[in-house]
Protein chains: 2
Amino acid sequence: MELYFERGYDQTTVAEIAQRAGVTSRTFFRYFVDKREVLFAGTDAVRERLVATLDTVPPDTTPLGTVRAALDAVVALIGDDHDHSRRRQQIITTHAELRERELAKLAAWSRALADGLRQRGVDEPAASLAAEVGVAVFRVAFEQWTTGPGDRSLVEVMHDSFGRIPTA
Amino acid sequence: MELYFERGYDQTTVAEIAQRAGVTSRTFFRYFVDKREVLFAGTDAVRERLVATLDTVPPDTTPLGTVRAALDAVVALIGDDHDHSRRRQQIITTHAELRERELAKLAAWSRALADGLRQRGVDEPAASLAAEVGVAVFRVAFEQWTTGPGDRSLVEVMHDSFGRIPTA
DNA sequence: GTAGCGATGGCACAATGTGACATCGGCGTG
DNA sequence: CACGCCGATGTCACATTGTGCCATCGCTAC
């Protein structure tokens, strides 16, 4: 992250990152599958947390309500450091490779949530639709939150967006 | 595409593709920014078509209705060759790099649709939400259609999914 | 004819990522 | 304590991707 801020993402090589960390490039690639993956170290943990939270949701909750509850729990973890999120997001959005990776991570959330819903007895395509729509709402809320001034909490913005899910 | 089927995606090098096409690798990279991009040659045109279709939708249509109309028009173009879509999708879903690129392309659709909606006077976050939800529905429907037996048309599956958009 | 120009080739190069093997430093077991 | 195992790291060679730069070729307009 230091280096990405100092010299920009493209101008930073894996060799430099490794050197800064006191290891060799080879070791870097043993810890991160990618050069991109450095910025997404935490997202897999978030995904697991997301799935774990599903168990705490009452069984009679609607599919989208369940997804929303899981996202709310996770958002409480992410949403306390507006500045960090904003700067990280700035790096990501200005590089296509990183945007792609972020989409992939969110898609993994969506898949995991859909799996979880199916295990709760929700059938297709309801499970996938609830998961996809829920994550879509998160995406919009998160983008609005990181680009905004940070006067409103992420939880608030999320709540707002969930209330504005469009209907045909 | 031939080569990707013959030897698999990873086992195919750009040099081989170029040779099959009777050009050099250098020329390949002048036509495609990426090795991945070969499989997504058409999606940018679809995006433009998507945006162009927005103009044909009556102004008093709801945001999501507008998005749906645009997607319907585009789906009519894609949805006639189930076998081609199925095989292409099989290659894509089995390779992380390609899945990422596909997500990026769909995200570009979403962005373009949101832009179009804003130009029609829809404000944020309604525009982004409608675009994201619409594309999410498309994603689910398309996945269901390509993995299914193909007895139902894509338009049908889409219609179905749009009718099942979850509410909290 | 010739000057210009777009498309292609050729070349050198940086950087990413991987496989194979060597090395080092503990750590438990005899 | 000596030994051998084992996980983490280093080293090296390598294929592949992707880019910058310049040369070349063929066509077209003047």
inquiry  = Ordered shortest first, which distances in nm separate the 7 Å Cα→C-beta label point of B:Arg30 from those of the other copies?
reply    = 4.4
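Tell me the carbon and sulfur percent of the accessible area for chain B, rounded to whole percent, probe radius 1.4 Å.
51
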request  = State, to one decimal in nm and shortest first, how far the label point of B:Asp81 sits from each corresponding label point in the other identical copies (label point: 7 angstrom along Cα-to-Cβ).
outcome  = 4.8
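Between B and A, buried accessible area summed over both sides at probe 1.4 Å, in Å² to the nearest 100?
2500
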remark   = Mean Cβ-within-10 Å packing, highest first, puts peptides B:74-83, B:123-132, B:101-110, B:21-30 in the order B:123-132, B:101-110, B:74-83, B:21-30
query = Between A:Phe5 and A:Leu77, what FRET efficiency comes out of the Förster formula 1/(1 + (r/R0)^6) with R0 = 22 Å and r the beta carbon distance, rounded to 0.05?
reply = 0.45
³J(HN,Hα) computed for each position of the range B:28-34 - Karplus, 6.51 cos²θ - 1.76 cosθ + 1.60, integer Hz, glycine/proline x = 3, 6, 7, 9, 10, 5, 9
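Given Cβ point charges of +1 (Lys, Arg) and -1 (Asp, Glu) and nothing else, what value in debye, to the nearest 20, does the dipole of the protein assembly as shown about its Cα centre take?
With only Lys, Arg, Asp and Glu charged at Cβ, the dipole is about 680 debye.
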note = Note, B:Val137: beta-carbon cut-off 14 Å, +1 each Lys/Arg, -1 each Asp/Glu, net -4
request  = Decide, for the range A:2-41, between rounded, prolate and oblate: order the square roots of the alpha carbon gyration tensor eigenvalues as a ≥ b ≥ c, take rounded if a/c falls under 1.5, and otherwise choose prolate if a/b is larger than b/c, else oblate.
outcome  = oblate
ask   = What nm value, rounded to one decimal, do you get for the distance between A:Thr94 and B:Val14 when each label is placed 7 Å out toward the C-beta?
value = 2.5
message = How shielded is B:122-131 by partner chains, expressed as the average number of their Cβ atoms within 10 Å of its Cβ atoms?
response = 5
ask   = Hey, if you put +1 on the Cβ of every Lys and Arg and -1 on every Asp and Glu Cβ in the range A:34-162, which of A:Phe162, A:Ser128, A:Ile91 ends up farthest toward the positive end of that dipole?
value = A:Ile91
query = Could you give the accessible area per residue of the range B:1-133, probe 1.4 Å, as a whole number in Å²?
reply = 51
note = The Cα extents of chain A along the principal axes, largest first and rounded to whole Å, are 53, 35, 27
remark   = Mean other chain Cβ within 10 Å across A:133-144 is 5
key: Cα centre as origin, Lys/Arg/Asp/Glu Cβ charges: chain A dipole, Debye   = 360
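Shape verdict for the range B:1-92, please, from the Cα gyration tensor: rounded (a/c under 1.5), prolate (a/b greater than b/c) or oblate.
Prolate, because a/c is 1.5 or more and a/b exceeds b/c.
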task = Pairs of Cα atoms under 8 Å, at least six residues apart: use those to get the relative contact order of the range A:34-162, whole percent.
result = 31
query = Between A:His159 and the same site in the other copies, what are the distances in nm, shortest first, taking label points 7 Å from Cα along the C-beta direction?
reply = 4.1
query = Across the residues of B:104-111, average count of Cβ atoms on other protein chains within 10 Å?
reply = 3
query = Stokes-Einstein D for the range A:84-168 at 37 °C, 0.692 mPa s, Kirkwood Rh over Cα pairs, in µm²/s?
reply = 233
key: Equivalent ellipsoid semi-axes, the protein assembly as shown, via Cα gyration tensor eigenvalues times 5, rooted, Å   = 30, 29, 20
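The values are calculated or read from the model by the stated rules, or taken from the named source; none is laboratory data. These numbers were taken from a predicted model, which means no experiment stands behind them. Using ideal geometry, Cβ is built from the backbone for each residue, glycine included, and neighbour counts are taken over all protein chains shown. Side chains are part of the model used for accessible areas, which takes the heavy atoms of the whole protein and leaves out ligands, DNA and RNA. Shrake-Rupley method; radii C 1.70, N 1.55, O 1.52, S 1.80 Å.
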